[in-house]
Amino acid sequence: GDSVTQMEGPVTLSEEAFLTINCTYTATGYPSLFWYVQYPGEGLQLLLKATKADDKGSNKGFEATYRKETTSFHLEKGSVQVSDSAVYFCAFGPGDYKLSFGAGTTVTVRA
Amino acid sequence: DVKVTQSSRYLVKRTGEKVFLECVQDMDHENMFWYRQDPGLGLRLIYFSYDVKMKEKGDIPEGYSVSREKKERFSLILESASTNQTSMYLCASGQERSQPQHFGDGTRLSIL
């Protein structure tokens, strides 16, 4: 069935380091793909999205490209800050109005 | 600015109690959702509603029910709370397949 798998955490980085969180999906058809972020004590916020193959979503220095050939949507940021410490969720919309979420990756950035 | 409001941030109840979690959205969205969030499991869909008085089971509906009498309000009901329902509960709303869901801040529910 449809599913999404993301890199397990936790991930600990130093400020200005490069961040990659891997996300792959299994789905029939052409799902929409999303990254959400959850800061401590808050609900989820949309970080970026892509709705078709080769689309690149970007926001707050984060980027992810919809790769249909590898069924992937990896999240990247070139230089992280302490304020990027959060839990990141990959999600996809397989064709109806529901979303399926990955398990989440906890990222901690040290000063 | 879009807003999904959950009635309580923290809630403590006892086993066997009937528990109501309320959620209101101001975006006129057709679809509303209830998830629970547990460490290592991500978000799991409990129930969703695609119209007033319409509902469908998600992945883990056992022990829960929902009510949607008005478009803007979606309630989650724990009929007889149990300790394994201690969790973070997140409400969300959305309009179309390609439109992301908007989330409330969550209710952290403890069942003692």
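Observations on the structure shown:
- Pairs where the first residue, in region B:52-76, is on the phi > 0 side of the Ramachandran plot and the second is surrounded by 15 or more Cβ atoms within 10 Å (Cβ to Cβ), C-beta under 8 Å, 6+ apart: B:LYS53/B:ARG68; B:GLY63/B:LEU78; B:GLY63/B:GLN85
- Of the strands (runs of 3 or more DSSP E) contained entirely in region B:3-112, those carrying at least 2 residues that are hydrophobic (A, V, I, L, M, F, W, C), more than 13 Å from chain A (Cβ to nearest Cβ) and surrounded by 14 or more Cβ atoms within 10 Å (Cβ to Cβ) fall at B:19-25, B:73-78, B:107-111.
- Taking residues in region B:1-18 that are farther than 11 Å from B:HIS102 by Cα, and partners anywhere that are surrounded by 13 or more Cβ atoms within 10 Å (Cβ to Cβ) and among the charged types (D, E, K, R), the pairs with Cβ atoms closer than 6 Å and at least 6 places apart or on different chains are B:SER7/B:GLU22; B:TYR10/B:ARG108.
- Only residues that are farther than 20 Å from A:GLY78 by Cβ and surrounded by 13 or more Cβ atoms within 10 Å (Cβ to Cβ) were counted across region A:7-23, and they come to 1.
- Enumeration of residues in region A:59-110 that are touching a residue at least 24 places away in the same chain (Cβ under 8 Å), in a loop (DSSP other than H, G, I, E, B), among the hydroxyl-bearing types (Ser, Thr, Tyr) and within 14 Å of chain B (Cβ to nearest Cβ): A:TYR66
- Among residues of region A:24-58, those that are in a strand (DSSP E or B) and surrounded by 20 or more Cβ atoms within 10 Å (Cβ to Cβ), counted: 14
Values in this text are rule-based calculations from the coordinates and carry no lab data. All of these numbers come straight from a predicted model, not from anything done at the bench. Every residue, glycine among them, receives a Cβ derived from its backbone with ideal geometry; neighbour counts consider all protein chains shown.
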